[in-house]
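These notes are about the structure you will find just below.
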Amino acid sequence: MPGRTKASSLGVRTLMKGLLVTAHVNSRDDYIGLVDVNSFYVSAERVFDPSLIDRPVVVLSNNDGCCVSLSNEAKALGIPMGYPWFKLQAGAEKMGLVARSSNYELYGDMSSRVMGILSRMTAWTEVYSIDEAFVGLRGTLAQVRAAGEQLKREIWRLTGLPVCVGIAKTTGIAEYS
Ligand SMILES: [Mg+2]
């Protein structure tokens, strides 16, 4: 699920990521990238409905229960991840807030496209979640940064999805671009 930021889960996630990455690193790996689609479900909906661009948008969980993906504009309204839709529905129109039911078939398909691009463009790819993957990047820091920018451009060009690429020397994420 994109956008999970609960403090209680951060330690476990960091540990799991460390273990995953450690299993892949070998002497030829210079850097590890973490590729993450920004607001994945919202971004996937925007690819097929450009009227959602630049607007506050939330994607709802099964049966439209709660917000599981928020655009930056929706976050700026102060809506927290997981907030129940029934508490927002009455005031949504006034806020200009748009909601979409989740479409997991679409997200799965978009995810496969992103992961396929990463597999073709990197030394190795380890899928971590529907919108996150670790990748092996080889070269100098300058080369690896350039490769990260190229990944962002290619994923945008081929899928219309915005991603960020974090680059780390070993298991700690050292920087985000
Ligand atoms: Mg994400």
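The values are calculated or read from the model by the stated rules, or taken from the named source; none is laboratory data. Here the structure is a predicted model, which is why all the values come from computation and not from measurement. Here the Cβ positions follow ideal geometry from the backbone for every residue, glycine too, while neighbour counts run over all protein chains shown. Keep in mind that these areas ignore ligands, DNA and RNA; they rest on the heavy atoms of the full protein, side chains included. Shrake-Rupley method; radii C 1.70, N 1.55, O 1.52, S 1.80 Å.
For this structure, a couple of remarks:
Residue-by-condition table, conditions (1) among the small types (Gly, Ala, Ser); (2) free of Cβ contacts under 8 Å to residues at least 40 places away in the same chain; (3) in contact with a helix residue (DSSP H, G or I) (Cβ under 9 Å, 6 or more places away or on another chain):
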{"residue": "Ser101", "(1), (2), (3)": "yes, no, yes"}
{"residue": "Glu105", "(1), (2), (3)": "no, yes, no"}
{"residue": "Met110", "(1), (2), (3)": "no, no, yes"}
{"residue": "Val114", "(1), (2), (3)": "no, no, yes"}
{"residue": "Met121", "(1), (2), (3)": "no, yes, yes"}
{"residue": "Trp124", "(1), (2), (3)": "no, no, yes"}
{"residue": "Tyr128", "(1), (2), (3)": "no, no, yes"}
{"residue": "Gly148", "(1), (2), (3)": "yes, no, no"}
{"residue": "Leu151", "(1), (2), (3)": "no, no, yes"}
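- Scanning the range 128-143 for residues that are more than 16 Å from the ligand (Cβ to nearest atom) and closer than 22 Å to Arg113 by Cα turns up Gly136, Leu137.
- Only helices (runs of 4 or more DSSP H) whose full extent lies in the range 1-87 are considered here, and the ones with at least 3 residues that are at pLDDT below 95 are 7-24.
Results for (1) open to solvent by 40 Å² or more (accessible area, probe 1.4 Å); (2) farther than 20 Å from Ala44 by Cβ, shown as yes or no for each residue.
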{"site": "Ala90", "(1), (2)": "yes, yes"}
{"site": "Ser112", "(1), (2)": "yes, no"}
{"site": "Val135", "(1), (2)": "no, yes"}
{"site": "Ala147", "(1), (2)": "no, yes"}
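- Condition check for Arg46: touching a helix residue (DSSP H, G or I) at 6+ places or on another chain (Cβ under 8 Å), open to solvent by 70 Å² or more (accessible area, probe 1.4 Å) and in contact (Cβ under 8 Å) with a residue 40 or more places away in the chain: no
- Residues (part of a strand (DSSP E or B) and either in contact with a His (Cβ under 6 Å, 6 or more places away or on another chain) or of a type in the set (Gly, Ala, Ser) (or both)) located in the range 88-102: Ala99, Ser101
- Among the residues of the range 116-127, just one is within 15 Å of the ligand (Cβ to nearest atom) and either hydroxyl-bearing (Ser, Thr, Tyr) or closer than 14 Å to Cys164 by Cα (or both), namely Leu118.
- Screening Gly136, Gly166, Gly172 for residues that are touching a His at 6+ places or on another chain (Cβ under 8 Å), modelled with pLDDT under 95 and either under 16 Å from Asp30 (Cα atoms) or not in a helix (DSSP H, G or I) (or both) leaves exactly one candidate, Gly136.
- Yes/no for Ala142 being within 14 Å of Asp30 (Cα to Cα), hydrophobic (A, V, I, L, M, F, W, C) and exposed (fewer than 14 other Cβ atoms within 10 Å of the Cβ): yes
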